Amino acid sequence: QVQLIESGGGLVQAGDSLRLSCAASGRTFSNYAMGWFRQAPGKEREFVASISQNGLATSYADSVKGRWTISRDNAKNTVSLQMNSLKPEDTAVYYCAARTGLWSVRSRDYEYWGQGTQVTVSS
């Protein structure tokens with residue numbers, strides 16, 4: 001079992017940057033692949049980025065590739081999402097998720113979820 005708490009969201013202008021963080025409880029953090037998902041009003045939850053247990057493999061949605069970077073620090077039980085060049089269409093609630101085993105781009109594969117943090121990008 002792992003508990004996840006996101007932080008770092010806020011209201012910013014287009015072109016600004018944010019860094020989201022997800023703090024995980026427990027001593028088995030390295031057993032989990034981690035992912036970031038987002039859900040905008042009236043939209044389905046969508047994949048943003050994922051990272052493997054050892055941090056060596058990452059995957060990004062096409063909409064964020066080249067702008068954002070996912071990383072993890074297993075010693076600190078954290079996963080981060082560096083969000084650069086934010087756009088209004090990035091506005092959403094961002095969720096940190098964890099799953100045992102391999103990383104995945106599918107939300108249904110993730111077992112544990114944080115409560116989310118709001119990111120709002122004004123134009």
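Residues that are over 11 Å from the mean Cα position of the chain (by Cα), over 15 Å from CYS96 (Cα atoms) and buried (at least 21 other Cβ atoms within 10 Å of the Cβ): does the range 24-47 have at least one? No. Residue count for the range 59-72 satisfying the condition of being closer than 22 Å to VAL2 by Cβ and either over 12 Å from the mean Cα position of the chain (by Cα) or in contact (Cβ under 8 Å) with a residue 24 or more places away in the chain (or both): 3.
One residue stands out among those in the range 94-104 that are small (Gly, Ala, Ser) and part of a strand (DSSP E or B): the one that is surrounded by the fewest Cβ atoms within 10 Å (Cβ to Cβ), which is ALA98. Among residues of the range 105-117 being of a type outside the set (Phe, Trp, Tyr) and either open to solvent by 50 Å² or more (accessible area, probe 1.4 Å) or in contact with a Gly (Cβ under 7 Å, 6 or more places away or on another chain) (or both), the one that is farthest from TYR60 (Cα to Cα) is GLN115. The set of residues in the range 58-83 that are at pLDDT below 95 and of a type in the set (A, V, I, L, M) contains only ALA75. For residues that are of a type in the set (Ser, Thr, Tyr) and over 24 Å from SER30 (Cβ atoms), scanning just the range 48-92, find the one that is least open to solvent (accessible area, probe 1.4 Å). In this case the residue turns out to be THR91.
Exactly one residue out of SER71, SER80, SER25, SER50 is more than 17 Å from THR120 (Cβ to Cβ) and touching a Phe, Trp or Tyr at 6+ places or on another chain (Cβ under 6 Å): that is SER50.
The values are calculated or read from the model by the stated rules, or taken from the named source; none is laboratory data. Just so we're clear, the structure is a prediction, and the values are computed from it rather than from any experiment. Positions of Cβ are backbone-derived with ideal geometry, glycine not excepted, and every protein chain shown enters the neighbour counts. Protein only, heavy atoms only, side chains kept; ligands, DNA and RNA dropped before computing areas. Shrake-Rupley method; radii C 1.70, N 1.55, O 1.52, S 1.80 Å.
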